[in-house]
Amino acid sequence: MTHGTLLVASARTWLDRLAAEGAEITEPPAEVPTGSGFTARHRDGTVIEHVEHRPTEEGL
């Protein structure tokens, strides 16, 4: 169960930081046309989806 979604400037930066802090990456990084993201269980047990949004040429 995901507890929330966090919009981040850089998914890679957050992935590296959380992994170094001992978080469990429960859904590996995935690229999609509008960005990327991953899901992690933080050390306190909270499960957060981390999303990096990159607008398309259409502005979406």
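What the table shows:
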{"read-out": "Residue tally, condition in contact with a His (Cβ under 8 Å, 6 or more places away or on another chain) and either exposed (fewer than 12 other Cβ atoms within 10 Å of the Cβ) or not in a strand (DSSP E or B) (or both), over the stretch 22-36", "value": "2"}
{"read-out": "Near pairs, Cβ below 6 angstrom, 6+ apart or cross-chain, from the stretch 22-39 (farther than 28 Å from Glu58 by Cβ and in contact (Cβ under 8 Å) with a residue 12 or more places away in the chain) to any residue that is open to solvent by 50 Å² or more (accessible area, probe 1.4 Å) and assigned to a strand (DSSP E or B)", "value": "Glu24/Arg41; Thr26/Arg41"}
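Yes/no per residue for (1) within 9 Å of the chain's Cα centre (by Cα); (2) surrounded by 15 or more Cβ atoms within 10 Å (Cβ to Cβ); (3) in a strand (DSSP E or B); (4) on the phi < 0 side of the Ramachandran plot:
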position	(1), (2), (3), (4)
Arg12	yes, no, no, yes
Ala19	no, no, no, yes
Phe38	yes, yes, yes, yes
Thr56	no, no, no, yes
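The values are calculated or read from the model by the stated rules, or taken from the named source; none is laboratory data. Predicted model only: the values in this text are computed from it and were never measured. Backbone-built Cβ (ideal geometry, glycine too); neighbour counts: all protein chains shown. For the accessible areas, the whole protein counts, side chains as well, though only heavy atoms, and no ligand, DNA or RNA atoms are used. Shrake-Rupley method; radii C 1.70, N 1.55, O 1.52, S 1.80 Å.
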